[in-house]
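Please read the structure below before turning to the comments.
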Amino acid sequence: MSRWAIAVDRTVCIGASVCANYAPEHFELRAGKSHPRVATTDPDEAVLDTAETCPVSAITVHDTDSGALLAPEE
């Protein structure tokens, strides 16, 4: 089974907390910026949806097997 890598570019993050509110099992705020609770996770549509709704596209999700960018869509 494939796993997904979650990353947050904290230099881009504005701390809007959309991620922590939408998917608190995957994201939390630390020092006012988003932080993934784990670096890799089982596939979960909430992770993709959260990356797509980030107002500054600070969250990326990659397939760990292929390295393909899953979200946000370009």
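The values are calculated or read from the model by the stated rules, or taken from the named source; none is laboratory data. Source: prediction; values computed, not measured. These accessible areas exclude ligands, DNA and RNA; they are computed on the full protein's heavy atoms, side chains included. Shrake-Rupley method; radii C 1.70, N 1.55, O 1.52, S 1.80 Å.
Computed quantities for the displayed model
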quantity: Residue-normalised accessible area of segment 4-71, expressed per residue, 1.4 Å probe, Å²; calculated: 51
quantity: Fraction of beta bridges assigned by DSSP in the chain that are antiparallel (%, nearest 5); calculated: 100
quantity: Segment 4-71 - percent of accessible surface contributed by carbon and sulfur, probe 1.4 Å; calculated: 53
quantity: Potential extension, residue 29-residue 57 segment - 0.36 nm per residue separation minus Cα distance; calculated: 8.5 nm
quantity: Candidate residues 28, 74, 45, 52: accessible-area rank, largest first, probe 1.4 Å; calculated: 74, 45, 52, 28
quantity: 222 nm mean residue ellipticity, helices alone, for the chain (DSSP H n ≥ 4; -39,500 (n - 2.57); rounded to 500); calculated: -4500 deg cm²/dmol
quantity: Solvent-accessible surface (1.4 angstrom probe) belonging to residue 56, in square angstrom, nearest 10; calculated: 50
quantity: 4 °C / 1.567 mPa s Stokes-Einstein diffusion coefficient of the chain, Kirkwood radius on C-alpha pairs, µm²/s; calculated: 109
